[in-house]
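Below you'll find the structure, written out as structure tokens, and then a few comments.
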Amino acid sequence: MKKLLLYIIVLLPLHRSMARHLCHVNIPVNNTLDTTRSGGNCGTIGTGTLRFTAGNHITSGMQAQLSVLASQMRDNPLCKVVVTGVGSSSKSREQRSWEHANAVIEYMTEKNNIPRYRLIFKYEGAGDEKTVTYRPADSDEQNGIYDPPPPHPEIK
């Protein structure tokens, strides 16, 4: 795969002065998914289940699990991850499912600096609305929605 060498000049403040730092990043010219790394075979990206116990709070155990996922995603920069909340048997469960999946995605973007477009957001299917799962995206899911609106925002 051809690579394009891109030079970026970054200005960083250093003790009342500005310093120029030159760095380079290899970016694929053809910025498409490497399909040999998708569909559960995305390098070291694993699958997992998170269980919410109180509201939308990310527990310390979840934080540790999401830290591992973030590291795996950094090691596989072309891979995306599907984050799925379940619980569609009622409007309130569907809303809670959305809130839990959204809490995971917000944590990954805000605390682990994973770009939101790399996290495909799903909330669907029957099951316990306190459960959120994640897995590597299949090649046919690469253009999935990553920022859907809440289904029933009037329900809290």
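Here are a few things to note about the model shown:
- Long-range amide H partners of Tyr146 with built H, under 5 Å: Phe121
- Least to most buried among His57, His100 (fewest other Cβ within 10 Å first): His57, His100
- Available extension along the chain between Ser89 and Glu154 is 21.7 nm, counting 0.36 nm per residue and deducting the alpha carbon span.
None of the figures in this text is laboratory data; all of them are computed from the coordinates on show. The shown structure was predicted, so the numbers you read here are calculated from the model rather than taken from an experiment. For neighbour counting, all protein chains shown are included, and Cβ atoms are generated from backbone atoms with ideal geometry for every residue, glycine included.
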